[in-house]
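Novice: Can you read through this structure? Questions will come right after.
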Amino acid sequence: MAIYLCHEQPDLYEHEATVIESRPGAVVLSRTAFHPGGGGQVSDVGTIEWNGGAGAVTGIEIEGDRWWHMLATDDTPSGDVRVVVDADHRLRVASLHTTSHVLNAFVFSEFHGALVTGAQINGDGTGRMDFDLPDVDNDRLRALADPVNDVIKRGVAVRSVYVDAADAAITAGLVRSMSVAPPPTPDGKLRIIDIDGIDRQACGGTHLANTGHSRPIAITKVENKGRHNRRVRFAFAG
Ligand SMILES: [Zn+2]
């Protein structure tokens, strides 16, 4: 997979495209600003408008190198279309996803390099992260909401950079999660999300340009999942 259009142009929410393959209720487009999801993050949603109709896009299904935009209708669009990404949905997901990096950073430093074992960022303003933390008081995890919200309040810059995958693999902490790191690009580059002074890790998801663009979060629940794992659930506060 080449670099995603939504990574190259994170503020692109509307554009023209051509249908290159279709079946009832699904299309493959010549280009798309949709993020396909992955690593626990849901895909973008939005709409596609074609000559004589329009349909809601409920998600993306990847089949080889084709991204099927799944429609809420059984239409079979063709020709030129207008692609519209739901900006509110993108913002909710990117906010919680960016904040999950901040939470991850505090867990990593508080608990001596504890790794992520799973993550889920939903479109409804909720998410969770699972950490490999065998012997931890759950109240210590709940207490991390305060420093996470401090980082949101401070408005810290978030940049994406591409590094050599071979270098990244030997940099401690960079490819931190056990399950969510994206594959390198064909030319061996890994996308790194750098939250200035807070966190730096490989990730292929959607993120804010500044932590201050997120609403504050609450840690809504901490659960024990097996002997080793703690599941931390979070959501926008208020
Ligand atoms: Zn990320």
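Computed from the coordinates by the stated procedures, all read-outs in this text should not be read as laboratory data. Everything numeric here is computed off the predicted structure, so don't read it as measured data. Backbone-built Cβ (ideal geometry, glycine too); neighbour counts: all protein chains shown.
Novice: Given the options D86, D65, D124, name the one that is among the charged types (D, E, K, R) and either within 16 Å of the ligand (Cβ to nearest atom) or touching a Gly at 6+ places or on another chain (Cβ under 8 Å) (or both).
Specialist: When all the criteria are applied, what remains is D86.
Novice: Quick check: anything in region 40-47 farther than 22 Å from H101 by Cβ and in contact with a Lys or Arg (Cβ under 7 Å, 6 or more places away or on another chain)?
Specialist: So far as region 40-47 goes, no, none of its residues is farther than 22 Å from H101 by Cβ and in contact with a Lys or Arg (Cβ under 7 Å, 6 or more places away or on another chain).
Table: residues versus (1) under 25 Å from D88 (Cβ atoms); (2) among the β-branched types (V, I, T); (3) in contact with a strand residue (DSSP E or B) (Cβ under 7 Å, 6 or more places away or on another chain).
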| residue | (1), (2), (3) |
| --- | --- |
| I193 | yes, yes, yes |
| G197 | no, no, no |
| S214 | yes, no, no |
| E223 | no, no, yes |
| H228 | no, no, yes |
| V232 | yes, yes, yes |
| A237 | yes, no, yes |
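Novice: List pairs: first residue in region 80-95 and surrounded by fewer than 20 Cβ atoms within 10 Å (Cβ to Cβ), second residue among the charged types (D, E, K, R) anywhere in the structure, Cβ distance under 8 angstrom, at least six positions apart or on different chains.
Specialist: These pairs meet every condition: D80/E16; R82/E14; R82/E16; R82/E49; V84/E14; V84/E49; D86/D44; H89/D44.
Novice: Kindly provide the set of residues from region 6-46 that are buried (at least 16 other Cβ atoms within 10 Å of the Cβ), away from the ligand (no atom under 16 Å from the Cβ) and over 13 Å from R90 (Cα atoms), ordered by number.
Specialist: Answer for region 6-46, where residues must be buried (at least 16 other Cβ atoms within 10 Å of the Cβ), away from the ligand (no atom under 16 Å from the Cβ) and over 13 Å from R90 (Cα atoms): H15, A17, V19, S22, G25, A26, V27, V28, L29, T32.
Novice: Taking V57, is it surrounded by 17 or more Cβ atoms within 10 Å (Cβ to Cβ) and under 30 Å from I152 (Cα atoms)?
Specialist: So V57 does not fit the description; no.
Novice: Out of everything in region 89-121 that is part of a strand (DSSP E or B) and not aliphatic (A, V, I, L, M), what residue ends up being farthest from the ligand (Cβ to nearest atom)?
Specialist: Among those residues, the one meeting the criterion is T117.
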